[in-house]
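Notes to accompany the following structure.
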Amino acid sequence: EKQDENILAINSVEYIIDKKIGSGGSSSVYLARTKKTGKECAIKLVDLDGEPQVIEGYLNETKLLAKLQGNINVVALYDYCHIPEKNILYMVMEKGESDLHKILQTYMTDIPLYTLMNYWYQMLQAVNYIHQNGVIHSDLKPGDFSLLIVIESRY
């Protein structure tokens, strides 16, 4: 629920919205920080106007991400809120610097072997973890690995 132009309250926590950092499909992602602590995060706003099956799919994905928390290879989901009367889903998540697709686009020549091996290892660790938890992703693509940059900065 919006309180003023730059403040957004999600489950009684206020966030200051700094700027839009991405969009695609029926969602937009904003750079934000908690008003109380200033901790940076990403807030994904999903427009749930559409078929009931699509809405259910988004909600199931969110619940699945919540279930997969606690592993360094999975992006942190701090909070989420579904507002059915407004057809909106908010997801408060760890903010990464970029996704793998964007990173790959920055290389003008071959990717250094060490860098490639590092990304590949992290991808395999993430996919292995979700498989161990009964999740099979049937359409993996580089853009699905936004968590890689976050993980890389932790080492």
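The values are calculated or read from the model by the stated rules, or taken from the named source; none is laboratory data. Predicted, not measured: the structure shown is a model, and the values here were computed from it. Don't worry about glycine lacking a Cβ; one is built from the backbone with ideal geometry, like all the others, and counts go over all protein chains shown. Quick note on the areas: whole protein, heavy atoms, side chains included, nothing else; ligands and nucleic acids left out. Shrake-Rupley method; radii C 1.70, N 1.55, O 1.52, S 1.80 Å.
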Do any strands (runs of 3 or more DSSP E) entirely within segment 1-90 hold 3 or more residues that are hydrophobic (A, V, I, L, M, F, W, C), and if so, which?
7-10, 13-24, 27-34, 40-47, 77-83
Over 25 Å from residue 125 (Cα atoms) and open to solvent by 40 Å² or more (accessible area, probe 1.4 Å) - does that describe any residue in segment 56-70?
yes
Answer with yes or no whether residue 70 is free of Cβ contacts under 8 Å to residues at least 60 places away in the same chain, in contact with a helix residue (DSSP H, G or I) (Cβ under 9 Å, 6 or more places away or on another chain) and small (Gly, Ala, Ser).
no
Residues of segment 1-44 being touching a Ser or Thr at 6+ places or on another chain (Cβ under 9 Å), of a type in the set (A, V, I, L, M, F, W, C) and farther than 17 Å from residue 96 by Cβ, which ones?
13, 16
For segment 72-104, name all the residues that are within 16 Å of residue 8 (Cβ to Cβ), touching a Leu at 6+ places or on another chain (Cβ under 9 Å), of a type outside the set (Val, Ile, Thr) and open to solvent by 20 Å² or more (accessible area, probe 1.4 Å).
80, 81, 82, 86, 93, 95
